[in-house]
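Q: Okay, here's the structure, questions in a sec.
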Amino acid sequence: MRRVEFLGILVFVLLGAHIVQQASLLPYSEKYGPGPGFLPFWLGWCWIGLSLFHFLNLMLQPQLYPGRHTFPTGIGAVRVAAVYGIVLGAVFALGFAGVMITLTLLVMAILIGVERMPRVSSAVAAVGISLVFYLLFAVALNVPFPRGPLGI
């Protein structure tokens with residue numbers, strides 16, 4: 001198992017280094033604040049740092065990684081596959097249904113279909129999450145979203 005952990009750490013360090021290298025090709029700052037290279041540059045360094053932290057943790061506390069990590073089986077595997085399917089469906093629906101409708105349906109599908117939550121509380125949670133998402137990004141940060149057939 002330790003070999004797999006080391007290989008994973010190496011892959012993530014290399015990916016982080018690639019992100020930092022690609023971000024350095026973008027302007028780090030603009031006239032009025034951070035440029036397009038600012039966020040990926042620091043995210044790449046955070047990725048490298050967390051990977052090295054994981055390496056250090058693996059070296060200093062090997063008892064935390066005693067055996068094989070296995071993929072869930074049975075109902076656990078079905079639940080994982082269901083979430084992947086729901087998210088994949090949301091990705092395809094995003095272009096024609098719009099962000100708000102897709103996000104609401106995504107949350108409802110996961111809460112009702114996977115978590116088996118009651119329909120009313122799932123609907124309230126889905127609408128609430130979508131509303132907060134809209135207020136934060138569309139209103140406060142003025143981020144444009146793909147709009148669906150209802151204009152939302």
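What follows draws every value from the coordinates through simple rules; no lab data is involved. Everything numeric in this text was worked out from a predicted model, so none of it was measured. As a convention, Cβ positions derive from the backbone with ideal geometry for all residues, glycine included, and neighbour counts pool all protein chains shown.
Q: Dividing the convex hull volume of the Cα atoms of segment 2-64 by its residue count, what figure in Å³ per residue is obtained? It would help to have the intermediate numbers written out before the result.
A: Working: hull volume 3.9 nm³, N = 63.
Roughly 62 Å³ of hull volume per residue.
Q: Between Glu115 and Leu150, what is the spin-label point distance in nm, taking each point 7 Å from the Cα along the Cα→C-beta axis?
A: With each label placed 7 Å out from Cα toward Cβ, I get 2.1 nm.
Q: Relative contact order of the chain: what whole-number percent is it, with Cα pairs under 8 angstrom and at least 6 residues apart? The partial results should precede the final answer.
A: Working: 130 pairs, mean separation 28.5, N = 152.
Across the chain, relative contact order equals 19 percent.
Q: How large is the Kirkwood hydrodynamic radius of segment 75-140, in angstrom, based on all distinct alpha carbon pairs? All intermediate terms of the calculation are to be shown ahead of the outcome.
A: On the way: mean 1/r = 0.0811 Å⁻¹.
Roughly 12.3 Å, rounded to one decimal.
Q: Now for a separate question. How much length would be gained if the chain were fully extended between Ser24 and Gln61, taking 0.36 nm per residue of separation minus their Cα-Cα distance, in nm to one decimal? Before the final figure, lay out the partial values.
A: On the way: separation 37, 0.36 × 37 = 13.32 nm, distance 3.48 nm.
In short, 9.8 nm is gained.
Q: Please work out how much length the chain gains when fully extended from Leu136 to Ala93, using 0.36 nm per residue of separation minus the C-alpha to C-alpha distance, in nm with one decimal. Write out the running numbers ahead of the final one.
A: Working: separation 43, 0.36 × 43 = 15.48 nm, distance 2.20 nm.
Answer, rounded to one decimal: 13.3 nm.
Q: For the chain, what does -39500 (n - 2.57) per DSSP helix run (n ≥ 4), summed and divided by total residues, give at 222 nm, in deg cm²/dmol to the nearest 500? Mind showing how you got there, number by number?
A: Details: 5 runs with 94 residues, N = 152.
So the helix-based figure for the chain works out to -21000 deg cm²/dmol.
Q: From the phi angles alone, apply the Karplus equation (6.51, -1.76, 1.60; θ = phi - 60°) to segment 50-57 and give each ³J(HN,Hα) in whole Hz, x where the residue is Gly or Pro.
A: Per residue, the Karplus-derived 3J(HN,Hα) values read 5, 5, 5, 5, 5, 4, 4, 4 Hz.
Q: Suppose R0 equals 41 Å. What FRET efficiency, 1/(1 + (r/R0)^6) with r the Cβ-Cβ distance, do Ala125 and Thr73 give to the nearest 0.05? Could you put the intermediate results ahead of the total?
A: On the way: r = 29 Å, r/R0 = 0.71.
The value I calculate is 0.90.
Q: Kindly provide the pair-distance distribution of the chain built from C-alpha pairs, with 5 Å bins from 0 and whole-percent values in order of increasing distance.
A: Whole-percent P(r) values from 0 Å outward: 2, 8, 10, 11, 11, 14, 17, 14, 9, 3, 1, 0.
Q: Using Cβ contacts closer than 10 Å as the measure, can you line up Met100, Met59 from fewest to most? If you can, show how the numbers build up before the last one.
A: Numbers: Met100 21, Met59 10.
With the sparsest Cβ surroundings first, the list reads Met59, Met100.
Q: Read phi for every residue in segment 87-97 and hand back ³J(HN,Hα) as whole Hz from Karplus 6.51 cos²θ - 1.76 cosθ + 1.60, θ = phi - 60°, with x for Gly and Pro.
A: Once rounded to whole Hz, the list reads 5, 4, x, 5, 4, 6, 6, 4, x, 10, 9.
Q: Give the separation of the Cα centroids, segment 1-55 to segment 60-131, in Å.
A: Between the Cα centres of segment 1-55 and segment 60-131 lies a distance of 27 Å.
Q: If we count other beta carbons within 10 Å of each Cβ, what is the order of Tyr84, Tyr134, fewest first? Numbers along the way, then the final one.
A: Numbers: Tyr84 10, Tyr134 17.
Ascending number of Cβ neighbours within 10 Å: Tyr84, Tyr134.
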